[in-house]
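Right, one structure below, let's go through it.
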Amino acid sequence: MLVGESAIWHEVESALYWVDIEGYTVNRLHAASGKFTSWKMGSNPSALAIDDNNFLVVATRHGLLRLNTTDGSEKPITDAPYDPSKVRFNDGRVDPAGRFWIGTMYEPRDQPAAEMYVLDKDQLRQAWSGGMTNSNGLAWSLDGRTMYHADTTTHRIDCYDFDPATGEQSNRRTIVTFPSDKSAADYGGRPDGATMDSEGMYWVAMFEGARILRIAPNGEIVREIKLPVKCPTSVAFGGPDLRTLYITSASHGRSKEELEQYPLSGKVLCLKMDVAGREEPEYRI
């Protein structure tokens, strides 16, 4: 796998879904049987949601589509609202009210020109523009009143007051900023994909940091787990008790020396945890 992302556990199927952005695939693993299935996409897939008909909503570079995983058929939802030569959809997550939020990545990375979009009943709207370059780390608190978001490029995690009824967000504040100097002794990577556990703690994959972190709502890092991959990309709780933590990773563009040191790069890892996750909300049509 080149760039794994958007791990999500499908409770009904007892299966893990994720994408390979540079491999152009959506992937599924039935945990109990070990059966693996993959679907090739026409452009880079980056984020997934499960709708209330048990179809997948897939964010790709060129737009959003619905994937029927029974017969492999695709149904377009909407074209991309940006210039796909410079921008693509990136991380996404469904909020407590069933809206699918998808941020973008501004690939030239010379200005904070990424955007945030919301798919609500198959209608796409812009939520905000600018202030970030590589949108990641979306998650919501257990009561749905706080929205978490990371900008990988600026190495920070923000949160917002959130109104589940309207989807309005306000009062942005930064809860963690990570070192940006790769030569510094305390450089531990950049925040990438994230999820929330059943105790209201935020779990984030630290790209280039070879670790995942558990972070309290006040920004305190309460747990660190070292990994045998340099570039973890997303995390998801799954399994029958939601106590298996799945971690996607990347191998694309990494040096020969790094891949020799971390031979599991590009694999999906799983760890048995002493804390459970929570079931992700469905996208509501």
Once you put a point 7 Å from the Cα of C270 and another 7 Å from the Cα of T78, both along the Cβ direction, what distance in nm separates them? 3.5
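Are there any GluC sites (Glu not before Pro) in the range 163-242 that are in a DSSP loop and have at most 13 other Cβ atoms within 10 Å? List them by number.
E168, E199, E220
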Can you give the extra length, in nm with one decimal, that the chain gains between K86 and K35 once fully stretched, where that is 0.36 nm per residue apart less the Cα-Cα distance? 14.7 nm
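Give the carbon-plus-sulfur fraction of the accessible surface of the range 115-204 in %, rounded to a whole number; probe 1.4 Å, heavy atoms of protein chains only.
Accessible surface attributable to carbon and sulfur in the range 115-204 totals 43 percent.
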Bounding extents of the chain in its principal axis frame from Cα atoms, largest first in Å, are 48, 45, 39
Which of K86/K256; K86/K230; K40/K272; K35/K182; K40/K256; K121/K267 have a Cα-Cα distance over 32 Å? K35/K182; K121/K267
What does the extension gain come out to for Q111 and N218, with contour length at 0.36 nm per residue minus their alpha carbon separation? 35.6 nm
Using DSSP to call loops (not H, G, I, E or B), can you name the trypsin sites (Lys or Arg not before Pro) in the range 42-139 whose Cβ has at most 15 other Cβ atoms within 10 angstrom? K86, R109, K121
What percent does the relative contact order of the chain come to when contacts are Cα pairs within less than 8 Å and at least six residues apart? 15
Placing unit charges on C-beta atoms (Lys and Arg positive, Asp and Glu negative, everything else neutral), compute the dipole magnitude of the chain about its Cα centre in debye, rounded to 20. 460
Distance (nanometres) between label positions extended 7 Å along Cα→Cβ at D71 and L259: 3.9
Starting from the 7 Å offset along Cα-to-Cβ, what nm value, one decimal, do you get for the label separation of R145 and K121? 2.7
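The values are calculated or read from the model by the stated rules, or taken from the named source; none is laboratory data. Predicted model only: the values in this text are computed from it and were never measured. Note that each Cβ is placed from the backbone with ideal geometry, even for glycine, and that neighbours are counted across all protein chains shown. Surface areas here come from the heavy atoms of the whole protein model, side chains and all, with no ligands, DNA or RNA. Shrake-Rupley method; radii C 1.70, N 1.55, O 1.52, S 1.80 Å.
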